[in-house]
Amino acid sequence: MEVVEQLPVPSSGSIRRSTRPRKPPGIRNHYRDPTPEKSSTSHVRHTKSPSVAPSMAESTPSKRLNLRKRKEATMDTEDVMEKAMRPLTDEERREWQGWVELESNPELFNYILRQYGTKDVKVQEVLGLYDEAFAELPSPVYGLIFLYRYQEPEEFGDEEKKGADAASHIWFANQTINNACATIALLNIVMNSPEVDVGNNMVAFKAETQKVKPSIRGQKLGQHEFIRNIHNSFARRMDMLNSDLALSNEFEAWERAKKRPKKMSKKSSPSKPKKKISKDAGFHFVAYVPIDGAVWRLDGMQKKPIMIGPFKNNWLSIARDHIQAHIAQYADGDLNYNLLSLCRSPLCTLSEQLASNIKSIAVLERILAEQSPDWKLFLPDGEGKNLKLEPNAVYRITQRTVDEATPFAVANQEKLEVFAPTELGELRTKWMRAQAGLELQCMEETVAISLEDEKAERRKHDYTPVIYNSIKSLAEQGLLREIVQDIRASRG
């Protein structure tokens, strides 16, 4: 899911050839220069056999040529298909200079961020544009990724354009390469979130591109082998061929457009009708990011960042209203879109809560020991007699996080000291159960990350050749037609 985007005009030297089957050169030359065939027909005309009419004799070489043409074209098509169905190697994927389309999938984006080395973030789908959907997101939310069908460059008001002039402090990259808008949207968020650890490679790239123009930044991004290889982690050979073909077609269309006379632009009417989406329009990713008290729309297809408006507490409501206004420009149900959020990882929050709970229980147990030194003897079975409340790598709890944690028991220490031992024991039981619940949530989140990585590794494998060869084998054995007929019959 991605873009058929408007790009800066590519140079002819950088255009990759289409892999579409072409007519054999000999056939093409034959139709341009039929002279050799004249000599053949002349020889046939002068034959002494009375049983062959001249008209039939003249058509014989043409029939042979048509048979030869069909045979060579079939062989050429089969050869192209065999090449397209070859399994793709990691080396071929790394050497390819293009960018494939990416779908709007949180698991895929999370894997890409982990490959960057970015820590403690999570991409999660926003299930609606209502308050409850945003309230369910982990906090804080660093940015939103909005996917929609890209029809034409959007028009912005004077205030928004003025805001763009004050965007020199924002890391923003233009999209100068096809199919890169998903990666650009991700980077436009994490590079403008100081609290996010983006990883050593991305820190170096940010420093390298901090003082250049957005267009140069986008060009450097397109040439960055580390970023491109991660973007193409899930590329299949057919994806690469389609990307090359699309780029070739765009260049040919641009060449034809240059030769056509320019039409006079019509003045737009004051009242704008609802926009219609072309079925051929591709999908495009843009980012919404809170930066220095304002919400910015970072769209690689725009020259500069666009300031949506200032905010005090809830920047998500500003972004949501802008997205809803964008959707309202189109006819009802005509705009397909998807919304993702880039948030702080729940693992961080859970680890902090675990560390705070451990420290709180320690404070409570110290008070219990002062009031009743043998308090552990009166604990019911299963109430954590042998539970070790200490740093644990599984839950990402270190001694440092425990030392730096703010236990909620400290604020109520004076009240706790007047509690009876039985009341303190009941409170400890409550906190111990809370500890077990936090540990369970932490384990579930850790397992979810492991499952995402496993799915991502499986998706790297291209199953297209296996499917193609299986279908081809069924066809050669004469079974495919029967299977198709059975399916049609079962559907009535």
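Would you please give the residues with an amide H less than 5 Å from that of residue 197, counting only those at least 5 places away or on a separate chain, with H modeled from the backbone geometry?
Here 119 satisfy the definition.
Scan segment 283-335 for trypsin sites (Lys or Arg not before Pro) in coil per DSSP, keeping those whose Cβ has at most 10 other Cβ atoms within 10 Å, and list them by number. Walk me through the intermediate numbers first.
Values: sites: 297, 303, 312, 320; in loops: 303, 312.
Those that pass, being in a loop and sparsely packed, are 312.
For segment 92-247, go through all pairs of different Cα atoms, get the mean of 1/r, take its inverse, and jot down that Kirkwood value in Å. Could the numbers behind the result be given before it?
Values: mean 1/r = 0.0584 Å⁻¹.
For segment 92-247, the Kirkwood estimate is 17.1 Å.
With 10 angstrom as the radius, rank 216, 487, 306, 318 by how many other C-beta atoms surround their C-beta, starting from the fewest. Mind showing how you got there, number by number?
Details: 216 14, 487 9, 306 22, 318 18.
Least to most surrounded, the residues fall as 487, 216, 318, 306.
A short reminder: the numbers here are calculations on the coordinates, not readings from a lab. These numbers come from a predicted model, not from an experiment. Using ideal geometry, Cβ is built from the backbone for each residue, glycine included, and neighbour counts are taken over all protein chains shown.
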